[in-house]
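Visitor: Dumping the structure here so I can ask a few things about it.
FYI, it's all coordinate maths here, none of it is from the lab. Keep in mind that what you see is a predicted model, and the values were worked out from it rather than measured. Quick reminder, even Gly has a Cβ in these numbers, built from the backbone with ideal geometry, and neighbours come from all protein chains shown.
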Amino acid sequence: MLPARVSIRAIVAPVLLALALAAPHSIAGQGTGFNPALPLIHVDNGANSPHAQAQHYVVLVSLDGFRWDYAKRDNAIHLLALGKRGVWAPEGMLPSYPSLTFPNHFTIVTGLYPEHHGLVANSFLDPASGKRYSIGNSQAVTDSSFYSGTPLWSLAESQGMHAACLYWPGSEAKIAGFRPSWYAQFSKTESTAEVQQARIDDAVALLRLPPDQRPHFITIYYSEPDHEGHEFGPDAPETRAAERKVDGLVGKLKAALDSTHLPIDLVVVSDHGMVHEDGDWVTLDQFADLTGFDTAGPLLYGKTEEDRERVYNQLKRVSAQFVVYRLKNVPADLEINQNPREGDPVVIATGPYPIRAHALPADSPNQSPEPGMHGFDPRKVPQMKASFFAAGPDIVKGKTVAPFENVNLYPWLAHLLGLTSPSNDGSLNILAGTLRDRGETPGTSSDDQSGNVPPQAAQPQK
Ligand SMILES: [Zn+2]
């Protein structure tokens, strides 16, 4: 399926009026060490519980579009060092389908496949409400009705533990009853050097707050090297320079976190990879009469069963570049066969082919596909695989993991934080071998390897 072409960095500045109406929120930033380049919105969720205060800290960083093989290919010294000190996935981590930014960021923090958490693409129609979601629409991204599941920041807050999001898709909406205690509104200034540094400064400033206030879970998002990967392709010097830049930010962040002397597990992931787009647009309305259909990128929303079956038949076996299924018949390993937001019928690219329902108007700029793209099935297009590196007091040293589905990060991150996970599509068993306590509930392990973990870590209630 073709990804939306809107990059997250293209999101417009948020509507300040919404801020003013959003009491009891207030702007943080006057305290020690906060960087005014990234003002944070503070939500009063009470104080950290005594149990929460006894837990370790997790800083989760996402580098958008940092393909699984970039670090080794271009010697990203800070990421590779992180993996050496802890664990990493040298053959990559499997994104969920579609391998797009918002669906995968929200999968990472909910442990749910996109059709279960609701963000089935970067742009889609919700046939039930008639509302459209688009990552560039500030009203849509703050609309709770689009999101299902319990993101880690809401899970933490619901269990008496503060969380902070220095950007993360979904973090600007109230989900599962909570907002993070601190969050930032996405802005087009996101990619400036000043605001890139500000995420590091604000993370450390938050960690220097008094114990009853400081967040134990912090997310940080960087939009590079995705942007360069799209514009120049995954092998271009510009993309490689962007990789080195974000690797340098990881190095700075690591040093800054070390300066707090807190027990912090640092986890760096990406949402997906990047591939050279192969050929020109495949435009579905050249094969089928889409009259009466709503569309979003390559997604097709037929209004009647008759229309859906007709277009399915018109698209069947007409191209080697895609296959078409009725929604309920999409192969189970793609995990998209239930949610009406996915459309019906469903078109799946067989390789790195750019697919859309309709051509752009003739006077639109950028008529050609971008050099780099993602969104494809990682089992068919392995360049979609993402990155995973992690190290800290709760993580074993010097271990590699085979490719694993990113839904499994959620129970693992919840375990690191001592939180009880709700049911989700992941399993703690997948990454349990990377944990010093092997993912076991404290007190139940017959072979406790947590010798290096400070005593206060061994109290989580699972
Ligand atoms: Zn992208």
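Visitor: Once you have the Cα-Cα distance between Arg73 and Lys303, take 0.36 nm times their residue separation minus that, and quote the gain in nm to one decimal. Display every interim value, and only then the final one.
Guide: Numbers: separation 230, 0.36 × 230 = 82.80 nm, distance 4.74 nm.
The Arg73-Lys303 span can extend by a further 78.1 nm.
Visitor: Tell me, how many Å apart are the Cα centres for segment 323-375 and for segment 99-145?
Guide: After rounding, the separation between the Cα centres reads 16 Å.
Visitor: For a quick check: with amide H placed at 1.01 Å from N, whose amide H comes under 5 Å from Val61's, ignoring anything fewer than 5 positions away on the same chain?
Guide: Amide H neighbours of Val61: Ile220, Val267, Val268, Val269.
Visitor: Please list, ordered by chain and number, the residues whose modelled amide H lies under 5 Å from the amide H of Phe322; skip anything fewer than 5 residues away on the same chain.
Guide: When sequence neighbours closer than 5 places are left aside, the close amide H contacts are Thr350.
Visitor: Estimate the FRET efficiency between Asp44 and Thr260 by the formula 1/(1 + (r/R0)^6), using the beta-carbon distance for r and 25 Å for R0, to the nearest 0.05. All intermediate terms of the calculation are to be shown ahead of the outcome.
Guide: Values: r = 23 Å, r/R0 = 0.94.
The value I calculate is 0.60.
Visitor: Kindly express, to the nearest 10 degrees and within the range 0 to 90, the angle between helix 237-258's C-alpha long axis and the longest C-alpha principal axis of the chain.
Guide: So the helix axis and the longest Cα principal axis differ by about 30 degrees.
Visitor: Could I ask something else about it? Between beta-carbons, use under 13 Å as the cut-off and find the net charge around Arg214, counting Lys and Arg +1, Asp and Glu -1.
Guide: Working: positive: Arg208; negative: Asp202, Asp212.
For residues surrounding Arg214, the net value is -1.
Visitor: Would you calculate, for the chain, the mean residue ellipticity at 222 nm contributed by helices, counting each DSSP H stretch of 4 or more residues as -39,500 (n - 2.57) and dividing by all residues, to the nearest 500? If you can, show how the numbers build up before the last one.
Guide: Numbers: 13 runs with 112 residues, N = 462.
Helix contribution divided over all residues of the chain: -6500 deg cm²/dmol.
Visitor: Next up: Among Asp289, Asp74, what is the fewest-to-most ranking by other Cβ atoms within 10 Å?
Guide: Numbers: Asp289 11, Asp74 16.
By the 10 Å Cβ count, ascending, the order reads Asp289, Asp74.
Visitor: Relative contact order for segment 282-369: what is it in percent, counting Cα pairs under 8 Å that are at least 6 residues apart? Mind dumping the intermediate values first?
Guide: Working: 129 pairs, mean separation 31.8, N = 88.
Averaging sequence separation for qualifying contacts and normalising by length gives 36 percent for segment 282-369.
Visitor: Give the relative contact order (percent, whole number) for the chain; include only Cα pairs under 8 Å separated by 6+ residues. Could you put the intermediate results ahead of the total?
Guide: Values: 1069 pairs, mean separation 123.9, N = 462.
About 27 percent, as a whole number.
Visitor: Something else: Explain nothing, just compute: Karplus ³J(HN,Hα) = 6.51 cos²θ - 1.76 cosθ + 1.60, θ = phi - 60°, for every residue of segment 71-76 in order, whole Hz, x for Gly and Pro.
Guide: Per residue, the Karplus-derived 3J(HN,Hα) values read 4, 6, 4, 10, 6, 6 Hz.
Visitor: In sequence order, what are the phi-derived ³J(HN,Hα) couplings for segment 125-132 according to the Karplus relation 6.51 cos²θ - 1.76 cosθ + 1.60 with θ = phi - 60°, rounded to whole Hz, with x for glycine and proline?
Guide: Calculated HN-Hα couplings, in order: 9, 9, x, 5, 9, x, 8, 9 Hz.
Visitor: Round to the nearest 10 and give me the degree value, 0 to 90, for the angle of helix 193-207's Cα axis relative to the longest principal axis of the chain.
Guide: The helix 193-207 is inclined about 40 degrees to the chain.
Visitor: Please list, in order along segment 310-321, the HN-Hα scalar couplings obtained from phi with the Karplus expression 6.51 cos²θ - 1.76 cosθ + 1.60 (θ = phi - 60°), rounded to whole Hz, x for Gly and Pro.
Guide: These are the phi-based 3J(HN,Hα) values: 5, 5, 4, 5, 6, 8, 5, 6, 9, 8, 7, 8 Hz.
Visitor: Mind listing the long-range amide H neighbours of Leu209? Cut-off is under 5 Å, sequence gap 5 or more, other chains count too, H placed in the peptide plane at 1.01 Å from N.
Guide: Those qualifying (amide H under 5 Å, at least 5 residues apart or on another chain) number zero.
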